[in-house]
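Q: Just passing along the structure, written as structure tokens.
The values are calculated or read from the model by the stated rules, or taken from the named source; none is laboratory data. These numbers were taken from a predicted model, which means no experiment stands behind them. All accessible areas refer to the heavy atoms of the entire protein, side chains included, with ligands and DNA or RNA removed. Shrake-Rupley method; radii C 1.70, N 1.55, O 1.52, S 1.80 Å.
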Amino acid sequence: MINNHNLKNSLNKLKFIDLFCGIGGFRIALESFGAKCVFSSDFDKDCQDIYELNFGEKPFGDIKEIKNKDVPNHDILCAGFPCQPFSISGKQKGFKDDRGNLFFDIARIVRAKKPKILILENVFHFAKHDNGKTLATVKKIIKENGYTFFWKVLNASEFGVPQSRRRTFMLAFLKKMKINNFIFPIPLEKEISLFDVLEKKVNDVKIVENKIVNYIKKPPAFENLFNYVPRHPVRLGTINNGGQGDRVYDPRGHAITLSAYGGGTGSKTGLYLVNNVIRKLSPIECARVSGFPDNYKLSKNKQISYKQFGNTVVVDVIQHLIIKMIKDKIL
């Protein structure tokens, strides 16, 4: 998470809503600039509990049951709408899946409230789903409602956090704002490795004995852990059958994409060689590679935390989008 001392009050006159809010990644990012959240919703009960624990309000439930009149007026609409219908790891049914249809509830609220700015997020594969027809449909509907529309795939690894997480970001601006072009933020030069955010001591984290690892690279000596490697996951070897959840990575690189689902010994976080021990990431480490502050309160159920961070938006990426809009005098 970026500390925005110079920009922390830049958006203090703006209001936003947090749809499909999950555990509040969008909210942390926007509140760091002073914007005020006036409405939140999420169907998931576990997410509602953690959101309430951290922000003091319980999100509304199923968006399909929320009437337009119950949504306050706002300047910015944020929505990381359900990704499973479009994910390459799912069945990719898209709008044929009920969860995919939830985009049309976003469109319904947009038509009724006409916020100035939309910030939408979905999986990397969203841009390619159904040969681009899904993205084209979203763009068409948003433009028909009076907005200009821009999109780009951004990787969290390039914006200050050590997690390779590519996501499709879509921004839309009311036409009266006359934003006919938007250049997305460029990658940072900042060097950061997974090793930089690891806990010094971890408890109750799955550990694998080294002797069963099939190394494809020589494990790094501990004294060399501070020499950075390129900003992407670097695989050292595999265990068992070598499936996605059985791959071992170098902590001098970046974490793999956290996942809400998947199997294998390192399911949801991947496996890493840390201080000569092969292990998963802890929930706190998952929070850190997602840009969440250390004072963020996590679920007491580790598996719930893993799922939540597998679904969340990365705070730093949203912050960099906001900073770019501030510098472009859009906000």
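Q: Could you tell me the accessible area of D44 in Å² (1.4 Å probe, neighbours in place), rounded to the nearest ten?
A: Looks like 50 Å² after rounding.
Q: How would F26, F43 rank on accessible area, largest to smallest, probe 1.4 Å? Numbers along the way, then the final one.
A: Numbers: F26 10, F43 150 Å².
Putting F26, F43 in descending order of accessible area: F43, F26.
Q: Right, something else. Can you send over the solvent-accessible area of D49, 1.4 Å probe, protein chains only, in Å² to the nearest 10?
A: Approximately 80 Å² of D49 is accessible to the 1.4 Å probe.
Q: Can you say what percent of the DSSP beta bridges in the chain, counting only those with both residues inside, are antiparallel? Round to 5. Intermediate results must be reported in sequence, preceding the final value.
A: Details: 26 of 43 bridges.
DSSP beta bridges in the chain are roughly 60 percent antiparallel.
Q: Then there's this: Calculate what fraction, in whole %, of the accessible area of the chain sits on carbon and sulfur atoms when a 1.4 Å probe is rolled over the protein chains. List each step's numbers first, then the result.
A: Values: 7650 of 15740 Å².
The value for the chain is 49 percent carbon and sulfur by accessible area.
Q: Would you mind checking which residues have amide H under 5 Å from F60's amide H? H placed 1.01 Å from N; only 5 or more apart, or other chain.
A: S40, S41, D42
Q: Rounded to the nearest 500, what is the chain's calculated 222 nm mean residue ellipticity when only DSSP H runs of at least 4 contribute -39500 (n - 2.57) each, over all residues?
A: Details: 7 runs with 70 residues, N = 331.
For the chain, the value works out to -6000 deg cm²/dmol.
Q: Under a 1.4 Å probe, what is the accessible area of the range 201-331 per residue, stated in Å²?
A: On the way: 6230 Å² over 131 residues.
Result: 48 Å² of accessible area for each residue.
Q: Can I ask one more? Quick check: with the 1.4 Å probe, what order do R279, R231, R108 take by accessible area, largest first? Intermediate values should be presented prior to the final figure.
A: Working: R279 15, R231 75, R108 50 Å².
Highest to lowest solvent-accessible surface, that is R231, R108, R279.
Q: Work out from phi, with θ = phi - 60° and the Karplus expression 6.51 cos²θ - 1.76 cosθ + 1.60, the ³J(HN,Hα) of each residue of the range 267-278, listed in order in whole Hz, and give x for Gly and Pro.
A: Once θ is set to phi - 60°, the couplings for the range 267-278 become 3, 6, 10, x, 10, 9, 8, 10, 6, 6, 10, 8 Hz.
Q: Quick one: 3J(HN,Hα) in Hz for the range 57-65, Karplus 6.51/-1.76/1.60 with θ = phi - 60°, rounded, Gly and Pro as x.
A: Values per residue, Gly and Pro as x: 9, 8, x, 5, x, 3, 4, 5, 9 Hz.
Q: Quick one: accessible surface of E199, probe radius 1.4 Å, all protein chains present, in square angstrom to the nearest 10.
A: Surface open to solvent at E199 totals about 50 Å².
Q: Right, another one. I need the phi-derived Karplus couplings for the range 146-157: 6.51 cos²θ - 1.76 cosθ + 1.60, θ = phi - 60°, integer Hz, Gly and Pro marked x.
A: x, 10, 8, 9, 9, 8, 6, 8, 10, 10, 4, 4
Q: Using a Gaussian network model on the chain with a 10 Å cutoff between Cα atoms, which of A79, A136, A35 fluctuates the most?
A: A136
Q: I'd like the orientation of helix 315-327 relative to the chain: the angle between its Cα long axis and the longest Cα principal axis, in ° from 0 to 90, rounded to 10.
A: 40 degrees
Q: Can you give me the angle between helix 45-55 and the longest principal axis of the chain, using Cα atoms only, in degrees from 0 to 90, rounded to the nearest 10?
A: 80 degrees
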